[in-house]
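The values are calculated or read from the model by the stated rules, or taken from the named source; none is laboratory data. Predicted model, so just to flag it, every value in this text is computed and none were measured. Every residue, glycine among them, receives a Cβ derived from its backbone with ideal geometry; neighbour counts consider all protein chains shown. These accessible areas exclude ligands, DNA and RNA; they are computed on the full protein's heavy atoms, side chains included. Shrake-Rupley method; radii C 1.70, N 1.55, O 1.52, S 1.80 Å.
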Amino acid sequence: MADTPTLEVLPDEAAVAARTAELITDVLAQPLPAGRTSPRAVALSGGGTPKAMYPLMAAVDAVPWEAVHVLQVDERQVGADDPARNWLAIRDTLVVPTGAVGHPMPLEGDDYPVPEVVDVAQLGIGTDGHTASLIPGDPVLDVTGVDVALAGPYQGAVRLTLTAEAINRIGVLVWQVVGADKHVALRQLMDGDPSIPAGLIRRGPRVIVVADDAAAHG
């Protein structure tokens, strides 16, 4: 189908991290279009999979990091120093080393301004088909007209997440899918399965799915 995302299958998690970092930094390194006044912006998801990607991104000197704004796709509303807080890894291995402009999601409430233009986002998918903190069966799936919303509790924490509407406005979407336990979810993602939250996210030419061999073949 014409709107099927591009799928790249790589040998292992390390290769997926490197390729995802490459795809994202290639976007961020591009000169701003003529007439654009807003800075480059990237939105990053939480969880364990992208952690290996952040230092690889930070090592790319072609990106003018001090002019790049780093946002979050979602966050657990836990304590500021709780290891479950997604922002800590983004801050410590990407924002601080590069001098990028960081925008951590708040740990209470939903006051999180999202720029009109976000150039690229990294997304993951759970075994239950969730992406960001768009959780199966949660009212957040039906939220429209706002960029962020509260969801959960889910796996022990209330979450703040970009809505599907906000994610679908982002320029380039790069999915990062690792592990044999993601095989079914990956197949659903590629099929555009409307029964899972990831099915709310747009498909098409500026959507790239990077998966390891285990996720692709089970």
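At-a-glance table
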read-out	value
Search result, residues across segment 53-104 that are acidic (Asp, Glu) and under 15 Å from residue 120 (Cα atoms)	74
The listed residue being farther than 18 Å from residue 141 by Cα and surrounded by 16 or more Cβ atoms within 10 Å (Cβ to Cβ), out of 158, 207	207
Matching residues, segment 168-191, being in contact with a helix residue (DSSP H, G or I) (Cβ under 6 Å, 6 or more places away or on another chain) and either of a type in the set (Lys, Arg) or assigned to a loop (DSSP other than H, G, I, E, B) (or both)	178, 179, 182
Exclusive hit being surrounded by fewer than 21 Cβ atoms within 10 Å (Cβ to Cβ), of a type in the set (A, V, I, L, M) and either more than 12 Å from the chain's Cα centre (by Cα) or under 27 Å from residue 155 (Cα atoms) (or both), set 28, 71, 94, 107	107
Some residue of segment 44-66 being open to solvent by less than 30 Å² (accessible area, probe 1.4 Å), of a type in the set (Ser, Thr, Tyr) and not in a helix (DSSP H, G or I)	yes
Search result, residues across segment 81-111 that are under 22 Å from residue 176 (Cβ atoms) and part of a loop (DSSP other than H, G, I, E, B)	83, 84, 85, 86, 100, 104, 105
Residue tally, condition over 15 Å from the mean Cα position of the chain (by Cα), among the hydroxyl-bearing types (Ser, Thr, Tyr) and within 19 Å of residue 201 (Cα to Cα), over segment 110-133	1
Residues that are in a loop (DSSP other than H, G, I, E, B) and in contact with a helix residue (DSSP H, G or I) (Cβ under 6 Å, 6 or more places away or on another chain), drawn from segment 202-218	218
Subset of segment 10-29 [assigned to a loop (DSSP other than H, G, I, E, B) and in contact (Cβ under 8 Å) with a residue 60 or more places away in the chain]	11, 12
Any pair with Cβ under 6 angstrom, 6 or more apart, that starts in segment 112-138 at a residue that is under 13 Å from residue 155 (Cα atoms) and assigned to a loop (DSSP other than H, G, I, E, B) and ends at one that is open to solvent by less than 30 Å² (accessible area, probe 1.4 Å) and acidic (Asp, Glu)	133/74
Residue pairs meeting the criteria (Cβ under 9 Å; at least 6 apart or on separate chains; first at pLDDT below 95, in segment 32-47; second surrounded by fewer than 12 Cβ atoms within 10 Å (Cβ to Cβ))	38/116
Leading residue by the ranking (modelled with the highest pLDDT) among those in segment 53-92 that are among the small types (Gly, Ala, Ser) and over 26 Å from residue 211 (Cβ atoms)	67
